[in-house]
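Note sheet for the following structure.
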Amino acid sequence: MSFFSSPFWHRNWPLFVGPPMVPLVLFVIYIVAEHTVTRVPDYLPDLSGPPIACDYLASEEPDPFPADKVGLRPDIWREPIIQYSNVRDCLVAEERNADMPNLRRIDWAGLSSVERSVCVWRIFASLGTPERAADWARAQRLKVLGTSTHDQAQRDGYISMRALHYAHEDNALLPGGTALGRRVSFFLNRYEGVSARWSVDGKITSAKYYAYSK
């Protein structure tokens, strides 16, 4: 008598093929996919040259993250704001305790999308000016699409900066995530980057990481 014709199988088959097994089946599928999917290459920064000067090392006080200006539900930001309350928390491990850490060395691989936005804010608040923020973006090998001119800033009431890289053209994503997660993100998103705004008098008002779909 085979296992599948036995009384045990007839009594218990729902345990093997029914809803209780769905999480296990999905987990097995994930493990198999994670080990068979080709990992999308990392888009690595250019850290040559000296660190970018900064005014000070920003923290939640006196520079609270402006969750109301970035979008998404306010509760999404609560934990990342606490976990990354200081700009040092956003950097790779060897920079966190340096007397003057190199702010170009953001820990992309250790950050979720939401955490990246908090950390971009911390870094740009530390750097102090749109020009330094643009230099930082270039060090991440992001294409700076431009910062507002004086006339534009006077007209719009703010200074803006946006920088990105095209995932498919570069065949890469910023570091971080599982092989399967990176493959899905690469399929869905055309580009990723950072953006920020400052008031006309030079005070930062918003900053974020973004990834946009096709």
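The values are calculated or read from the model by the stated rules, or taken from the named source; none is laboratory data. Here the structure is a predicted model, which is why all the values come from computation and not from measurement. As a convention, Cβ positions derive from the backbone with ideal geometry for all residues, glycine included, and neighbour counts pool all protein chains shown. These area figures cover heavy atoms from the full protein model, side chains too; ligands, DNA and RNA do not enter into them. Shrake-Rupley method; radii C 1.70, N 1.55, O 1.52, S 1.80 Å.
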Could you rank the peptides 184-194, 162-172 by their average count of other C-beta atoms within 10 Å per residue, with the highest value first? 184-194, 162-172
Once R0 is set to 35 Å, what does the formula 1/(1 + (r/R0)^6) return for the Cβ-Cβ distance between V184 and Q154, expressed as a FRET efficiency to the nearest 0.05? 0.25
Accessible-area value, E94, 1.4 Å probe, nucleic acids and ligands omitted, Å²: 120
Using the Karplus equation 6.51 cos²θ - 1.76 cosθ + 1.60 (θ = phi - 60°), what ³J(HN,Hα) coupling, rounded to whole Hz, does each residue of segment 108-125 give in order, writing x for Gly and Pro? 3, 5, x, 10, 7, 4, 5, 5, 4, 5, 4, 6, 4, 4, 4, 5, 5, 5
Compute log10 of I(q)/I(0) for segment 141-214 with the Debye formula, placing one identical point scatterer on every Cα and leaving out solvent, at q = 0.13, 0.18, 0.19 Å⁻¹, to two decimals. -0.47, -0.73, -0.78
HN-Hα J couplings of segment 64-69 from phi, Karplus 6.51/-1.76/1.60, θ = phi - 60°, integer Hz, Gly and Pro as x? x, 5, x, 4, 5, 9
Checked segment 64-185 with the C-alpha gyration tensor, a ≥ b ≥ c its square-rooted eigenvalues, rounded below a/c of 1.5, otherwise prolate if a/b is larger than b/c and oblate if not; verdict rounded
What distance in nm lies between label points placed 7 Å from Cα along the C-beta direction at L47 and R96? 1.6
Leaving ligands, DNA and RNA out of it, work out the accessible area of K143 with a 1.4 Å probe and give it in Å² to the nearest 10. 120
Output ³J(HN,Hα) for segment 140-147: one whole-Hz value per residue in order, computed from phi by the Karplus curve 6.51 cos²θ - 1.76 cosθ + 1.60 with θ = phi - 60°, and x for Gly and Pro. 7, 6, 8, 7, 7, 7, x, 10
Roughly what would the spin-label model give for Y166 and Y56, points 7 Å off Cα along C-beta, in nm? 4.2
Whenever you get a sec, line up D55, D156 from highest to lowest accessible area (probe 1.4 Å, protein heavy atoms). D55, D156
